[in-house]
Amino acid sequence: MYTFMNADYSSVSASYREQITTLTIKTQHCNAEIALFGAHLLSFIPNSDGRERLWLSPNAVMNKSKPIRGGVPICWPWFSNIHPKNEVNEQLPAHGFVRNQDWHVHAITETQDETVIMLSPNQLGMFGFSNKISVFVEFTFSEKCSIKLITKNAGKRSVRITAALHSYFNVNDIHQTEILGIEGEYLDKTRGNAIFKQSKPYLFTGETDRIHLQSDNHKFELITVNSNNDNIAIEQRGHDSVVVWNPWQEKSEAMADMQDTGYLNMLCIEAAVTQGIDLAANAEHELVQIIS
Ligand SMILES: O=P(O)(O)OC[C@H]1O[C@@H](O)[C@H](O)[C@@H](O)[C@@H]1O
């Protein structure tokens, strides 16, 4: 069996949410929580302003029967239902096979300034993927929270993957929320993946499910415009797309793990590889999102 903590740490302790083991992180800079089920970041609160950056559904299922709704789900080695051989297959678990299994602690390091936690999934080598294709998530907690999804190909052949850090951000009111820094064309999943040009300002008036194709090392910021003028800054690299998702009212009502009005307080902004990357033998890829 995997041990999840093999030493005592001053900033990390283990706890539970129903059937799920969680790690609670308390440093001089932030408080955070990770579920080992899915390597799923549930909470990140910088001490500088004490404001929760992530949205977690009050109806999220915490018994491992389905992925957790909210926080930062890890989508790997495919995004959506698109197997990296570019086949759409509704029989596949949506967003890959690692967000609905237990992960274990690979390493924890603590310094004065930051705590780094690296997790890996208990089971690899599924759905046609060799177990030589491995994945790690490295969380670094300081004033910011960095989430790094590392894919390693220890096999002899190149492999194609897609992936995403499917972050659900906490917004005061979706009607008063604006994204700054995303421009250009996008594929609209609500309109048969037709291509549209993003209008400015980027505001929300209905169901939104968009893939914005980006170049690598793209950086952007989300600004929530509301009475408090709360901002969330998101930096990311290693992606080819930014996925923006809000299910709006009707779909929230249809989802058992979301409250009917849940869509008012969440917005997914995902660092994603939707077009696929070919990872050569012995190569590594890093997909990174940094939240502050
Ligand atoms: O319900 P799931 O599997 O967590 O997916 C949520 C959403 O994830 C987004 O990334 C997709 O673009 C949406 O189409 C999808 O509905």
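Any read-out appearing in this document is the output of simple, stated calculations on the displayed coordinates, not a laboratory observation. Note that the structure is a prediction, hence the values are computed from the model and not measured. Here the Cβ is made from the backbone with ideal geometry for all residues, glycine too, and neighbour counts use every protein chain on show.
Table for the structure above
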| read-out | value |
| --- | --- |
| Helical contribution to [θ] at 222 nm, DSSP H n ≥ 4, -39,500 (n - 2.57), averaged over the chain, rounded to 500 | -500 deg cm²/dmol |
| Net lengthening on full extension, H106/Q176 (0.36 nm per residue, minus Cα-Cα) | 21.1 nm |
| Selection from V243, P201, A154 lying farthest towards where the dipole of the chain points positive, charges on Cβ | A154 |
| Unit charges on C-beta of K, R, D, E only; dipole of segment 12-291, Debye | 800 |
| Segment 55-118: GluC sites (Glu not before Pro) in DSSP coil with no more than 15 other Cβ atoms inside 10 Å | E90 |
| FRET efficiency, A254 to D49 (Cβ-Cβ, R0 25 Å, nearest 0.05) | 0.15 |
| Order of S241, S199, S146 under a 10 Å beta carbon neighbour criterion, fewest first | S199, S146, S241 |
| Those lysines that a straight Cα-Cα span of less than 28 Å connects to K132, excepting residues fewer than 8 apart in one chain | K64, K66, K85, K148, K152, K156 |
| Straight-distance crosslink candidates among aspartates and glutamates, where the alpha carbon sits under 13 Å from K251 and sequence neighbours closer than 8 are dropped | E207, D209, D260 |
| Hull shadow area, averaged, the chain [alpha-carbon convex hull, nm²] | 14.9 |
| Spacing of the two label points (7 Å from each Cα toward its C-beta) at T24 and N231, in nm | 3.2 |
| Sites L92 and F196, calculated FRET efficiency, Cβ-Cβ separation with R0 22 Å, nearest 0.05 | 0.20 |
| Reachable lysines, given that their alpha-carbon falls under 16 Å from the alpha-carbon of K144 and they are not under 8 places away in the same chain | K26, K219 |
| For segment 51-154: rounded, prolate or oblate by the Cα gyration tensor [a/c cutoff 1.5] | oblate |
| Computed E for L203/D113 - FRET, C-beta separation, R0 30 angstrom, nearest 0.05 | 0.20 |
| Neighbour-limited loop hits for chymotrypsin sites (Phe, Trp or Tyr not before Pro), segment 1-93 (at most 12 other Cβ within 10 Å; DSSP other than H, G, I, E, B) | Y2 |
| Cβ-defined net charge surrounding S130, 10 Å radius [Lys, Arg +1; Asp, Glu -1] | +3 |
| Net charge of neighbours whose Cβ lies under 9 Å from the Cβ of P46, counting Lys and Arg as +1 and Asp and Glu as -1 | +1 |
